[in-house]
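The values are calculated or read from the model by the stated rules, or taken from the named source; none is laboratory data. Treat the numbers as computed from the prediction; the structure is a model and nothing was measured. Note that we place each Cβ from the backbone using ideal geometry, even for glycine, and neighbour counts take in every protein chain shown.
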Amino acid sequence: MSDLDKSATTLVVRSTCKLTYEGILMMLNKICEGTAYDYVYLPWHKLAVVNFTSPEACQAAQRTLTRLSTMDTSGVRYVKQAVVQGLAENLAIFLAKSGYDAIFDPGAPRVFVLGTSFPLSSAVNVYTSLLWTSSESKTIVVL
(Lines give C-alpha, C1' and ligand atoms only; values in the text may rest on other atoms or scores of the structure.)
Protein backbone atom coordinates (compact mmCIF):
# COMPACT_ATOMS: atom_id res chain seq x y z
CA MET A 1 0.00 0.00 0.00
CA SER A 2 1.44 3.34 -0.96
CA ASP A 3 1.55 6.11 1.58
CA LEU A 4 -0.44 9.28 1.12
CA ASP A 5 0.60 12.75 2.14
CA LYS A 6 -1.13 13.62 5.42
CA SER A 7 -3.10 16.37 3.70
CA ALA A 8 -4.05 14.37 0.57
CA THR A 9 -7.71 14.47 -0.42
CA THR A 10 -7.62 13.36 -4.07
CA LEU A 11 -7.07 9.84 -5.42
CA VAL A 12 -6.67 8.38 -8.89
CA VAL A 13 -8.39 5.02 -9.29
CA ARG A 14 -7.43 2.83 -12.25
CA SER A 15 -9.89 0.12 -13.24
CA THR A 16 -9.53 -3.10 -15.18
CA CYS A 17 -12.82 -2.41 -16.94
CA LYS A 18 -14.73 0.53 -18.39
CA LEU A 19 -16.07 2.86 -15.71
CA THR A 20 -19.32 4.81 -15.72
CA TYR A 21 -20.39 7.55 -13.35
CA GLU A 22 -23.21 5.33 -12.11
CA GLY A 23 -20.76 2.49 -11.40
CA ILE A 24 -18.06 4.51 -9.67
CA LEU A 25 -20.61 6.35 -7.54
CA MET A 26 -22.19 3.05 -6.52
CA MET A 27 -18.77 1.71 -5.52
CA LEU A 28 -17.89 4.88 -3.60
CA ASN A 29 -21.21 4.77 -1.74
CA LYS A 30 -20.47 1.17 -0.70
CA ILE A 31 -16.97 1.87 0.61
CA CYS A 32 -17.55 5.28 2.20
CA GLU A 33 -20.32 7.63 3.19
CA GLY A 34 -21.87 9.61 0.35
CA THR A 35 -20.78 12.78 2.10
CA ALA A 36 -17.12 11.64 2.12
CA TYR A 37 -16.43 12.74 -1.47
CA ASP A 38 -17.20 15.95 -3.34
CA TYR A 39 -15.68 15.51 -6.80
CA VAL A 40 -15.69 12.58 -9.22
CA TYR A 41 -14.28 12.78 -12.73
CA LEU A 42 -13.78 10.08 -15.36
CA PRO A 43 -11.23 11.58 -17.77
CA TRP A 44 -10.75 8.18 -19.48
CA HIS A 45 -12.82 5.01 -19.63
CA LYS A 46 -10.74 3.19 -17.01
CA LEU A 47 -9.65 6.08 -14.79
CA ALA A 48 -11.43 7.99 -12.04
CA VAL A 49 -10.29 11.06 -10.11
CA VAL A 50 -12.02 11.34 -6.74
CA ASN A 51 -11.65 14.16 -4.23
CA PHE A 52 -12.66 13.48 -0.66
CA THR A 53 -13.94 16.01 1.86
CA SER A 54 -11.12 15.31 4.32
CA PRO A 55 -7.71 13.66 4.44
CA GLU A 56 -9.17 11.05 6.82
CA ALA A 57 -11.90 10.09 4.34
CA CYS A 58 -9.29 9.92 1.58
CA GLN A 59 -7.01 7.66 3.65
CA ALA A 60 -9.89 5.33 4.56
CA ALA A 61 -10.98 5.06 0.91
CA GLN A 62 -7.41 4.47 -0.20
CA ARG A 63 -7.00 1.60 2.27
CA THR A 64 -10.25 -0.04 1.12
CA LEU A 65 -9.56 0.48 -2.59
CA THR A 66 -6.02 -0.85 -2.21
CA ARG A 67 -7.39 -4.01 -0.57
CA LEU A 68 -9.91 -4.33 -3.41
CA SER A 69 -7.10 -4.06 -5.96
CA THR A 70 -5.71 -7.38 -4.68
CA MET A 71 -8.96 -9.14 -5.60
CA ASP A 72 -9.24 -10.15 -9.26
CA THR A 73 -13.00 -9.65 -9.36
CA SER A 74 -13.07 -6.14 -7.86
CA GLY A 75 -12.27 -4.28 -11.07
CA VAL A 76 -9.81 -2.02 -9.22
CA ARG A 77 -6.35 -2.17 -10.76
CA TYR A 78 -4.61 0.37 -8.53
CA VAL A 79 -5.19 3.49 -6.48
CA LYS A 80 -2.74 6.29 -5.80
CA GLN A 81 -2.55 9.88 -4.69
CA ALA A 82 -3.40 12.34 -7.45
CA VAL A 83 -0.95 15.06 -8.42
CA VAL A 84 -3.60 17.78 -8.14
CA GLN A 85 -5.22 17.95 -4.70
CA GLY A 86 -8.49 19.62 -3.69
CA LEU A 87 -11.91 20.32 -5.15
CA ALA A 88 -11.21 23.86 -6.36
CA GLU A 89 -7.85 22.87 -7.80
CA ASN A 90 -9.36 19.93 -9.72
CA LEU A 91 -12.14 22.13 -11.08
CA ALA A 92 -9.56 24.70 -12.18
CA ILE A 93 -7.48 22.06 -13.96
CA PHE A 94 -10.58 20.69 -15.70
CA LEU A 95 -11.50 24.19 -16.91
CA ALA A 96 -7.94 24.96 -18.02
CA LYS A 97 -7.68 21.75 -20.03
CA SER A 98 -11.23 21.49 -21.39
CA GLY A 99 -12.63 25.03 -21.46
CA TYR A 100 -15.77 26.44 -19.88
CA ASP A 101 -18.16 24.95 -22.45
CA ALA A 102 -17.01 21.45 -21.39
CA ILE A 103 -18.90 21.79 -18.10
CA PHE A 104 -22.07 21.05 -20.07
CA ASP A 105 -20.71 17.80 -21.58
CA PRO A 106 -22.17 14.50 -20.32
CA GLY A 107 -18.66 13.37 -19.35
CA ALA A 108 -17.92 16.45 -17.23
CA PRO A 109 -16.99 15.97 -13.57
CA ARG A 110 -19.65 15.47 -10.93
CA VAL A 111 -19.60 17.68 -7.83
CA PHE A 112 -21.38 16.93 -4.55
CA VAL A 113 -22.19 19.00 -1.49
CA LEU A 114 -23.09 16.97 1.60
CA GLY A 115 -23.73 13.95 -0.61
CA THR A 116 -26.09 15.77 -2.98
CA SER A 117 -25.27 16.45 -6.62
CA PHE A 118 -24.39 20.12 -7.16
CA PRO A 119 -24.55 21.87 -10.57
CA LEU A 120 -21.10 21.97 -12.10
CA SER A 121 -21.54 25.52 -13.39
CA SER A 122 -22.31 26.73 -9.86
CA ALA A 123 -19.40 24.75 -8.41
CA VAL A 124 -17.03 26.26 -10.95
CA ASN A 125 -18.16 29.78 -10.04
CA VAL A 126 -17.97 29.20 -6.28
CA TYR A 127 -14.90 27.03 -5.86
CA THR A 128 -12.55 28.36 -8.52
CA SER A 129 -13.17 31.93 -7.33
CA LEU A 130 -11.88 30.78 -3.95
CA LEU A 131 -8.54 29.99 -5.58
CA TRP A 132 -8.13 33.51 -6.85
CA THR A 133 -9.31 35.26 -3.69
CA SER A 134 -7.53 33.10 -1.12
CA SER A 135 -4.78 34.67 0.92
CA GLU A 136 -2.37 31.96 -0.20
CA SER A 137 -0.89 32.38 -3.63
CA LYS A 138 -1.24 29.16 -5.62
CA THR A 139 0.18 28.41 -9.01
CA ILE A 140 -1.41 25.72 -11.13
CA VAL A 141 0.62 24.43 -14.02
CA VAL A 142 -1.22 22.60 -16.78
CA LEU A 143 0.92 20.28 -18.85
Quiz item: Under the condition of being surrounded by 10 or more Cβ atoms within 10 Å (Cβ to Cβ), modelled with pLDDT under 95 and assigned to a loop (DSSP other than H, G, I, E, B), which residue from the stretch 109-125 is nearest to the chain's Cα centre (by Cα)?
Solution: Gly115
Quiz item: Just for the stretch 15-29: of the residues that are within 12 Å of the chain's Cα centre (by Cα) and not aromatic (Phe, Trp, Tyr), which one is farthest from Leu42 (Cα to Cα)?
Solution: Leu28
Quiz item: Does at least one position in the stretch 15-28 carry a residue that is in contact with a helix residue (DSSP H, G or I) (Cβ under 6 Å, 6 or more places away or on another chain) and of a type in the set (Val, Ile, Thr)?
Solution: no
Quiz prompt | Qualifying residues in the stretch 73-93 (those that are polar (S, T, N, Q) and crowded, with 16+ Cβ neighbours inside 10 Å) - the one nearest to Tyr21 (Cα to Cα) | solution = Asn90
Quiz item: Thr128: assigned to a helix (DSSP H, G or I), at pLDDT 90 or above and among the β-branched types (Val, Ile, Thr), yes or no?
Solution: no
Quiz item: Identify, please: which residue in the stretch 36-80 is of a type in the set (Val, Ile, Thr) and farther than 18 Å from Asp3 by Cα and is, among those, modelled with the lowest pLDDT?
Solution: Thr73
Quiz item: Taking strands (runs of 3 or more DSSP E) that do not extend beyond the stretch 1-103, which have at least 1 residues that are in contact (Cβ under 8 Å) with a residue 40 or more places away in the chain and over 20 Å from Val126 (Cβ atoms)?
Solution: 10-15, 37-44, 76-81
Self-check item: All positions within the stretch 57-70 that are over 15 Å from the mean Cα position of the chain (by Cα) and not hydrophobic (A, V, I, L, M, F, W, C)
Solution: Arg63, Thr64, Thr66, Arg67, Ser69, Thr70
Quiz item: Taking the stretch 28-46, which residues are out of contact with any Leu (no Cβ under 7 Å at 6 or more places or on another chain), buried (at least 20 other Cβ atoms within 10 Å of the Cβ) and among the hydrophobic types (A, V, I, L, M, F, W, C)?
Solution: Leu28, Ala36
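Here is a yes/no grid of residues against (1) surrounded by fewer than 14 Cβ atoms within 10 Å (Cβ to Cβ); (2) out of contact with any helix residue (DSSP H, G or I) (no Cβ under 7 Å at 6 or more places or on another chain):
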{"position": "Ala48", "(1), (2)": "no, no"}
{"position": "Gln59", "(1), (2)": "no, yes"}
{"position": "Leu95", "(1), (2)": "no, no"}
{"position": "Gly107", "(1), (2)": "yes, yes"}
